[in-house]
Structure formats: C-alpha cells, structure tokens
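Chemist: My structure is below; once you've seen it, I'll send some questions.
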Amino acid sequence: MMTSLTLRPAGREDPRATLAASARSLGGDRAGEAAFFSRLGWRFGSISALALSLYGESGGSELLARLVRLLHEDHAARPPELKAIDAAREGSGPWYLKPGLAAYMVYLDRFAGDLAGFRQRLPWLEELGIDMVHLMPFFRSHEGNSDGGYAVRDYLGVDPRYGDAAGLSCLAQELHGKGMHLAADLVLNHSSDDHAWAMAAKAGDEKYRNYYYIFPDRELPDRYEAAMPEVFPETAPGNFTYIRELGAWAMTVFHDFQWDLNWSNPEVFLDMLHVLLGMANMGIDLIRLDAVPYLWKRAGTSCQNLEEAHLIVRLLKACADVVAPGVAFLAEAIVQPREIVRYLDAGGIAGEARVEECQLAYHASLMALLWEALATRKTALLASTFGGETRLPPGTAWLSYARCHDDIGLGYDDAKIREAGYAPGPHKRFLLDFYSGRYPGSFATGRLFMENPATGDARISGSCASLCGLEAALSGDGATPEGARALELALRRIELLYGLVSSLVGIPMVFSGDELAAVNDYSFEGEEGRSDDNRWMHRARLDWDAAARISEKGSVEARIYGAIRGYLGKRRTIAAFAQDAAFRVLASGSENVLLVLRSPKAEMERRVAVAANFAPEERAFPLEALGPGFGPLPYDLLAGRQATVLGGGVVLGAYGIAWLSEA
Ligand code: OTU
C-alpha cells in the first residue's frame, strides 16, 4: 500500500513536495489520498521530531515508517461520510466553537439501557438544548468491578450489553445529521488486567510484558512509591500490585486490575494510536483522554504532568490531524490549575495558528471553586483564581461543569487560599466537613471519598442537588416556613451553579440527572463491585417518572429542568457567552458577589455582566462596578426585565444570578 512512499527524515527538503509526488502515483480515492498526503506534509515535521525525541533510541526511522503506514491504513479505513465531514470542518471554524454548544455526560445503561434505547431518547436531549453527548465508557471492560468501564478489556469492541460497532456508527450518523456531536473516552493510561495484552503477559509473552511496567522485585517500585501520591488510598493503596502469574509487581496507579501501560515502549504508542484512530473512524468527534497527566512515569517524581506526557499528546494530536482532522481532544487532567492549562497549549509555526495538544479541557479548577464559594458564601478565592487566569490560546476552550461522575477534588492554589485569608489545611478540612454534612448547619448531604489518614486528604462524593441541600430539604417538613425556605434555597443553589456554568466561560456540560435535580442514590451500597466506591451515589439512573413531572407546574423537576433549559437556550443567543469570548472579573464591593464581565469578539455586539450572589440573603453591588455602557437600569437577560436598582445598588436575591446586558 505504501510502496511508493519515500520517507525522509525532517531535513531541508520539503516533505510536502515529496509526499505530494508520491500521492500522485497512487490510484483509488485520489482526492482523499491527496488530502491525506497534503496533511501529512503539513504535520510531518512535528510527527518526526516528536517521534524521534520520544522513541529515537528504539529505532527512529523504522518506527517512523511504521507510523506513517499505520496512518495511511487508518485513513484508508475512514468511512467516506466522515472524510466529507473532515473536509467541511477544515473549511469552517472549529466545530466546538459553534455558538451555544452545550454538552451532556451520560451512562448508556443508566439513561436508556443501550445504544438503541439511547437513540429513542435523543429528543430528551434536543429539548434540553444539548448538542454534544459524552457517552461514558461503553467498550468491553473488566469482569465484575470495571471502575465504571474505565478498565478496558477490548479498546474497539463495543460491549454487547450496549450494542455493537455498527450501532455506535449509526448513532454517530444520526447525531451528525442533527448537527450534534459524539464524545467518548480513550482510557489510555491503563488497560484492564484481562485485556489480551495483559493476558499474554501473564502467559509469559515477553513482548506484552513490555507493554506494562513490570518489576521482578520491590527495588524500583519502592523508589517510585517514595514520590508518588495515591489515587485510591482506601480501596487500592499503593501504586503496585503483586501479580502471581508473573511472579512480579505491576504498576497499578488506579485499581489493582488497571495495569498502567508503558508508553515509553513505541509498540504501545502505535497500538494505542490505532485505537484512537479506530474510535475516530467510528464517528466519535471528541476523544476524552482519560487520566492524561499520568501517561509518563519517572522514579523520583510524582509521575504526573511530566514533559513526555505532553509530547505523547502532541504526537497523537499531530497524527489525528492527518487522518481525522475533524476530531478534537478533551483533556481529563484533574490537577493543579496551572498544570491543567498546559494541556491546552497552542504552539504552531509562524502565522499558522494550530492547536498542538488538546482543544478542550475540563475546567476542574472552576468547578472546585464554585463549590468552595457555595460553602464559604464568599467569592474571594473564586474571583482571584478565576480572575487571574490568562486567556486560552486561540482554537481552545474550557468545558465548564458543576458535577460529573467523579468525586470533587479540592484542587486550589495554596498561595491564593492564603491571599483569600485562609490556611490551606484547615480550609480543606472545613470544606470536607461541610460537604460530608459534618459541619454544624451545613445544607449538604455528601460523603468523603478516598480519605487518606496519612495525608489528611479526601475528596467529595454526592450529586449536585444533594450537595446543594435538596436531599436535606426534601426530608424536612415542607409545610413549615423553615422547610419551605430550605427547599427554596436548595433550588436556588442548583440554579446558581448551572447559571454560572452556562455563562462564565467555555462550553457548559450537564451531568445526566442534574436536569431533574436527582439526589443521591444509595443503592450502590448493596451492589457487588460498587459498594466500596461511593462515586456511584451520584451516578443517577435517569428517573423517567420524575422526567414526566417537568410539565407539572410547581414540581422540583419542572423548576430545575426549566432553569437549565432556559440557561442553555438563552446562552445560544448571547454573543458575549461565545466559547472564546473574553472575561474579566470586576470588583463587586461585596464579599458575597461575583461579578464577571464577558466581552464578545465583535465590538458591535453587547457586553454582558454575570452577577452572582453566594449568600442566602439579598445583596447589592454598586451600579458603577459595571463601568460605563450599562445605563441606569441594566437589562437582565435571565429575568427578561430590567434589574432592580435601589440607591445606586443593583439588587440580587438570595443566591441570585443575573445576566446584565449593556444598553
Ligand atoms: C478518571 O479519573 C476517571 O474519570 C475515573 O472515573 C476513573 O476511575 C479514573 O480516571 C481511572 O480511569 O482520579 O478520582 O487527573 O484525577 O483521571 C478520579 C486525573 C481520578 C485523575 C482522573 C481520575
């Protein structure tokens, strides 16, 4: 297939010309081939430089030739309709910057059973205002406990419980037909211990033993352990597991059945690249790179965010640009704020702006800050951290969210915590107590996740609604004035969080169940393989009886569904809330009020100020805080009327949020 292609190391000669000449000699899909070779020429410099710097010692040019052959084959296998989408996307701006784009994260089985059921439920998402669906892991995974599908056994094999590859492609096509997009996980840091590679390793196959980090004794594992934190200290302490069949230790940073893949082995790179391109060829538009900070390990370091992890993402990206240029990457990097942005780094050569790593990343810092502000009622840390963020490089955007399937990690910048007047340790303790309901007067019903007595660390589990106080309010007496107030405040907190997620920055994401204010589900406690992982309490099974209540006036479901649908719908019409519109935190003069000015790219469009009150009582901020342009009575796009201005102060109700438009 590749016989006429001459590979040259990146030198003075223009590889584009060489490759285009090779392309001309090929038959078949001429236009497709020409496009492939033109993109290969465009990205070849990066591909060869990255491959050589990562794997140069393990046979550089041979590896490069195999890599290009793989790209060519996976491109040949790319269905024509996806190539047509690629071509269309290359001609327009990035699809994920489409105005108003909103995402939804959902478990197939908990929402609709399987792929076929999911297609029937699509109208639910369309009605809500969703245009991108992230299906939680659906490839075949570990028997028994599979860590919610994050221990993958067959990277391109759709779990028969959900359907098959054809069903997935049909869903992708249907979504594309509706102008919607599909996101899915590439769990690239580790495979399941019953994946064929791990099985071969256990059977004594040397090649596959080298796919993992396997050590004959504790010498290296102990050196690694000295500097590595633990991800699941309660249920999977340590980062290594003794494997009887191997008579050796495997690196298992997550659970003991999730073996870390050895990305310093180029064979792993090539196989996983093929998996990535295979996913792209199924019609997946956005590939979520699970646990991406962990991709490279070096004894003596935390084994997170190492430079080589970034190089791997860059190499994967350059390769995807050649085969499936319409596909984007989403970084799942739940790490320190300053580390997260590095996965969105844009590089590129003079005059040619292009994204070198991921186009999107979860805004985990914003998520954690929102919960911090809700507990403290104060916006100092949120304002200083969020306000101090630099603008993202062109072509990238945040995915903003309040809740997802994971725990809430309290990842803040210690210096900023001190600036806000707290001590990092006690402040974290307070938040943990608050959200696990131990703090006197807390409204939240949550639990600690993975408490580590050695470090005092823990994270938080619980659904958005329960952490906002709905579970407690519903168990109280709604007929009493206190009960009614507790319910009202809980609902307002949910509205506040989703209102901010929809307007502060980036693309909003709804976590399935939140649109119905689903409270914690404790049935996981009796379920095998789940009882020791309390993240299951916030992974809602969508309650379709509750869903029917969205048309019942006065119901909790109608209220929250209506609010979220309203945010997503209104956001679509507001140029200042575009994914790449600028933001600036303004001084509100109130410790409870966050004030953020959003400015659209086009100057003739109106700016919009987002004002949010984190106190359970009314608050006001001075009209002048908005600066000139908003007039004496700013218009609140959310309420659909002019804001209340009293004595020069803009009034916000308890937990109130307003989207104030320039006159
Ligand atoms: C991810 O999360 C997934 O979202 C989890 O559901 C998986 O269990 C896990 O990977 C293993 O595949 O530690 O507590 O910086 O924080 O990857 C969740 C990223 C996790 C990690 C994150 C991980």
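The values are calculated or read from the model by the stated rules, or taken from the named source; none is laboratory data. Everything numeric in this text was worked out from a predicted model, so none of it was measured. Note that each Cβ is placed from the backbone with ideal geometry, even for glycine, and that neighbours are counted across all protein chains shown.
Chemist: E230 passes all but one of (1) surrounded by fewer than 22 Cβ atoms within 10 Å (Cβ to Cβ); (2) more than 15 Å from the ligand (Cβ to nearest atom); which number fails?
Modeler: Just one mismatch for E230, condition (2).
Chemist: Look at L182 and say whether it is outside the structural domain of E515 (by TED's automatic domain parsing), away from the ligand (no atom under 16 Å from the Cβ) and under 23 Å from the mean Cα position of the chain (by Cα).
Modeler: Details: outside the structural domain of E515 (by TED's automatic domain parsing): yes; away from the ligand (no atom under 16 Å from the Cβ): yes; under 23 Å from the mean Cα position of the chain (by Cα): yes.
Criteria met by L182.
Chemist: Considering only residues that are among the hydrophobic types (A, V, I, L, M, F, W, C), in contact with a Ser or Thr (Cβ under 8 Å, 6 or more places away or on another chain) and surrounded by fewer than 22 Cβ atoms within 10 Å (Cβ to Cβ), which ones fall in the range 618-644?
Modeler: A620, A625, L637
Chemist: Can you pull out the residues in the range 435-460 that are more than 16 Å from the ligand (Cβ to nearest atom), of a type outside the set (S, T, Y) and surrounded by fewer than 23 Cβ atoms within 10 Å (Cβ to Cβ)?
Modeler: Filtering the range 435-460 for residues more than 16 Å from the ligand (Cβ to nearest atom) gives 436-445, 453-454, 456.
Adding the requirement that they be of a type outside the set (S, T, Y) leaves 437-438, 440-441, 443-444, 453-454, 456.
Correct list: G437, R438, P440, G441, P453, A454, G456.
Chemist: Quick check on my filter: what residues within the range 140-153 are surrounded by 16 or more Cβ atoms within 10 Å (Cβ to Cβ) and touching a residue at least 40 places away in the same chain (Cβ under 8 Å)? Before the answer, list the steps.
Modeler: So the first thing to find is which residues in the range 140-153 are surrounded by 16 or more Cβ atoms within 10 Å (Cβ to Cβ), and the list is 140-142, 145-153.
Once the filter is applied, which keeps residues that are surrounded by 16 or more Cβ atoms within 10 Å (Cβ to Cβ) and touching a residue at least 40 places away in the same chain (Cβ under 8 Å), the range 140-153 yields S141, H142, N145, S146, D147, G148, Y150, A151, V152, R153.
Chemist: Also, I was wondering about something else. From the list E356, E372, which one is touching a residue at least 60 places away in the same chain (Cβ under 8 Å) and more than 16 Å from the ligand (Cβ to nearest atom)? Don't jump to the end; show me each part of the working.
Modeler: Numbers: E372 fails: touching a residue at least 60 places away in the same chain (Cβ under 8 Å).
Answer to the check: E356.
Chemist: Checking the condition part of a loop (DSSP other than H, G, I, E, B), buried (at least 17 other Cβ atoms within 10 Å of the Cβ) and within 16 Å of the ligand (Cβ to nearest atom), which residue from L399, L410, L392 passes? If you could, list the steps in order and put the result at the bottom.
Modeler: Details: L399 fails: part of a loop (DSSP other than H, G, I, E, B); L392 fails: within 16 Å of the ligand (Cβ to nearest atom).
L410 is the lone residue from the list that is part of a loop (DSSP other than H, G, I, E, B), buried (at least 17 other Cβ atoms within 10 Å of the Cβ) and within 16 Å of the ligand (Cβ to nearest atom).
Chemist: Any idea which residue in the range 311-337 is surrounded by the fewest Cβ atoms within 10 Å (Cβ to Cβ), counting only those that are within 14 Å of the ligand (Cβ to nearest atom) and more than 18 Å from G283 (Cβ to Cβ)? Spell out how you get there, then give the answer.
Modeler: Looking only at the range 311-337, we keep the residues that are within 14 Å of the ligand (Cβ to nearest atom), and these are 313, 330-337.
In the following step, the residues that additionally are more than 18 Å from G283 (Cβ to Cβ) were identified as 313, 331-337.
Working: V313: 24, A331: 26, E332: 23, A333: 26, I334: 23, V335: 20, Q336: 18, P337: 20.
So, considering only residues that are within 14 Å of the ligand (Cβ to nearest atom) and more than 18 Å from G283 (Cβ to Cβ), the one surrounded by the fewest Cβ atoms within 10 Å (Cβ to Cβ) is Q336.
Chemist: Turning to a different aspect of this structure: So which residues in the range 461-498 are buried (at least 24 other Cβ atoms within 10 Å of the Cβ) and hydrophobic (A, V, I, L, M, F, W, C)?
Modeler: C464, A465, L467, C468, L470, A473, A490, I494, L496, L497
Chemist: Could you say which residue among A320, A280 is assigned by TED's automatic domain parsing to the domain that holds L54 and either in contact with a Ser or Thr (Cβ under 6 Å, 6 or more places away or on another chain) or closer than 22 Å to R342 by Cα (or both)? Spell out the reasoning first.
Modeler: Values: A280 fails: either in contact with a Ser or Thr (Cβ under 6 Å, 6 or more places away or on another chain) or closer than 22 Å to R342 by Cα (or both).
Being assigned by TED's automatic domain parsing to the domain that holds L54 and either in contact with a Ser or Thr (Cβ under 6 Å, 6 or more places away or on another chain) or closer than 22 Å to R342 by Cα (or both) holds for just one of A320, A280, which is A320.
Chemist: Next up: Could you list, in sequence order, all residues of the range 237-261 that are buried (at least 20 other Cβ atoms within 10 Å of the Cβ) and within 13 Å of the ligand (Cβ to nearest atom)?
Modeler: Across the range 237-261, the qualifying residues are N239, T252, V253, F254, H255, F257, Q258, W259, D260, L261.
Chemist: May I pose another question? Tally up the residues in the range 564-575 that are surrounded by 20 or more Cβ atoms within 10 Å (Cβ to Cβ) and over 23 Å from the mean Cα position of the chain (by Cα), please.
Modeler: First pass over the range 564-575, keeping only residues surrounded by 20 or more Cβ atoms within 10 Å (Cβ to Cβ): 564, 567-568, 571, 574.
Among the residues that remain, those that are also over 23 Å from the mean Cα position of the chain (by Cα) are: 574.
Number satisfying all stated conditions: 1.
Chemist: Now for a separate question. Of the conditions (1) within 21 Å of A383 (Cα to Cα); (2) touching a residue at least 40 places away in the same chain (Cβ under 8 Å); (3) surrounded by fewer than 21 Cβ atoms within 10 Å (Cβ to Cβ), E419 satisfies every one except a single condition; which number is it?
Modeler: (2)
Chemist: Among the residues in the range 280-297, are any farther than 30 Å from G167 by Cβ, of a type outside the set (D, E) and free of Cβ contacts under 8 Å to residues at least 60 places away in the same chain? Spell out the reasoning first.
Modeler: Step one: list which residues in the range 280-297 are farther than 30 Å from G167 by Cβ, which gives 293-297.
Imposing the further condition that a residue be of a type outside the set (D, E) reduces the set to 293-297.
Keeping just the survivors that are free of Cβ contacts under 8 Å to residues at least 60 places away in the same chain gives 293, 296.
Taking every residue of the range 280-297 in turn, at least one turns out to be farther than 30 Å from G167 by Cβ, of a type outside the set (D, E) and free of Cβ contacts under 8 Å to residues at least 60 places away in the same chain.
Chemist: Still on this structure: Report whether or not F118 is in a helix (DSSP H, G or I), touching a Ser or Thr at 6+ places or on another chain (Cβ under 7 Å), modelled with pLDDT of 95 or more and on the phi < 0 side of the Ramachandran plot.
Modeler: Numbers: in a helix (DSSP H, G or I): yes; touching a Ser or Thr at 6+ places or on another chain (Cβ under 7 Å): no; modelled with pLDDT of 95 or more: yes; on the phi < 0 side of the Ramachandran plot: yes.
Answer is no for this residue.
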